[in-house]
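Structure first, commentary second.
No lab work stands behind these numbers, since they all come straight from the coordinates. Remember, predicted model here, so these are calculated numbers, not experimental data. In this analysis, Cβ positions are derived from the backbone assuming ideal geometry, glycine residues included, and neighbour counts consider all displayed protein chains.
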Ligand SMILES: Nc1ncnc2c1ncn2[C@@H]1O[C@H](COP(=O)(O)OP(=O)(O)OP(=O)(O)O)[C@@H](O)[C@H]1O
Ligand code: SF4
Ligand SMILES: [Mg+2]
């Protein structure tokens, strides 16, 4: 059986008035059924844009300009919008959006909001049935089902995030993209949410793409890791191998800069700034910050080198020349 998701050379650009932002620029990844892929990288490297693209929900002025998204063998890039909406988006692939817990409708009960998410996609479901399912979903994410009648302001941050997870899982998708699902939560609640996602994923044999800039958090849940820098994947492989033996200088620095005592606002830190994605540096995009940069790095883009089966790194240091 082919992998559940195969992304080939995907490119997503924002055509802003100030220039073309190449947010995702030739990304290839694969996710198997039941597998968790971690997508890591600094702020602005294109993680959320990649997530949006997989659901074909890139906000304007962005659009997919190239590549393929093969989901269970079907290319979502070229699929007519109505088929995508009817058969794939939310039903088979869903997304927990970054910051969604703060975007719940304040004047409607959480039960109504979950029920509505169900009714939009399943035409034959009555309001009553949808509310019953909402209660079951709340139970599944560890919230008292009686809470269907609660409003978002009556819930803690952790509970709101559980509601958002319930909504993303309402139609029993095969793949869930979780975009920074624990940022803005305190460390204890973060761990609870990660455990919940881990359990749900196992129980439902769901595949997951977990997006975060927090490598320590990702280590606990990921089967595979893709490290992204300035719109490109720079290292990709089984997560235990990559954590044990990071090969790309950027991954090495990212792993080294995991703070020992993590405060909620303390992010990883590497000297220098990520590039402006309208005018990325020539050659290797990391070269202005790389301690090992060579002449070739400033001129030519490094190829994706297969170090061993399923383990890749895009860096001239590993090229046989
Ligand atoms: N609507 C837009 N118009 C123009 N540029 C955009 C737009 N949305 C995002 N970008 C740019 O695209 C790039 C990738 O953004 P994206 O939000 O995907 O990054 P990210 O990795 O998710 O960052 P973060 O960790 O901060 O969430 C950034 O350079 C960003 O400025
Ligand atoms: S290709 Fe060159 S600049 Fe880029 S990460 Fe490797 S050594 Fe550094
Ligand atoms: Mg983001």
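Tabulated data for the structure shown
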item	result
Spatial separation of Cα centroids for region 228-259 and region 26-99, in angstrom	22
Point-to-point label distance, residue 223-residue 63, nm (Cα→Cβ direction, 7 Å offset)	3.5
Extension gain, residue 33 back to residue 82 (0.36 nm per residue minus Cα-Cα distance, nm)	15.2 nm
Relative contact order computed over region 101-172 (Cα-Cα under 8 Å; 6+ residues apart), in percent	42
Within the chain, helix-based [θ] at 222 nm, where runs of 4 or more DSSP H residues each add -39,500 (n - 2.57), nearest 500	-8000 deg cm²/dmol
Sequence of 250, 318 once ranked by neighbouring C-beta atoms within 10 Å, starting from the fewest	318, 250
Equivalent ellipsoid semi-axes, region 44-153, via Cα gyration tensor eigenvalues times 5, rooted, Å	30, 18, 12
Reduced Cα scattering model of region 132-196, Debye log10 I(q)/I(0), q = 0.18 Å⁻¹	-0.65
Distant alpha-carbon pairs in region 129-284 (separation over 20 angstrom), percent	58
Rounded to 10°, Cα long-axis angle of helix 110-121 versus longest principal axis of the chain	70
Mean separation of Cα contacts under 8 Å, 6 or more apart, over the residue count of the chain: relative contact order %	20
Share antiparallel - DSSP beta bridges, the chain, percent rounded to 5	60
14 Å reach of a label modelled at residue 132, 7 Å along Cα-to-Cβ, counting backbone N of region 150-165	none
Share of Cα-Cα pairs in region 101-172 lying beyond 21 Å, as whole percent	14
Stretchable slack from residue 216 to residue 256, in nm (0.36 nm times residue separation minus alpha-carbon distance)	13.3 nm
Label-point gap, in nm, between residue 122 and residue 108 - each point 7 angstrom along Cα→Cβ	1.8
Euclidean distance of C-alpha centroids, region 123-153 and region 172-208, integer Å	19
Most fluctuating residue given options 237, 34, 272, as computed from a GNM of the chain linking Cα atoms under 10 Å	272
Helix axis angle, 187-204 relative to the chain longest principal axis, alpha carbon, degrees	80
Overall dimensions of the chain as given by Cα atoms, namely Rg and Dmax in Å	20.1, 67
On Cα atoms only, tilt of 157-169 relative to the major axis of the chain in degrees	90
Estimated inter-spin distance, residue 17 and residue 320, nm [label 7 Å along Cα→Cβ]	5.3
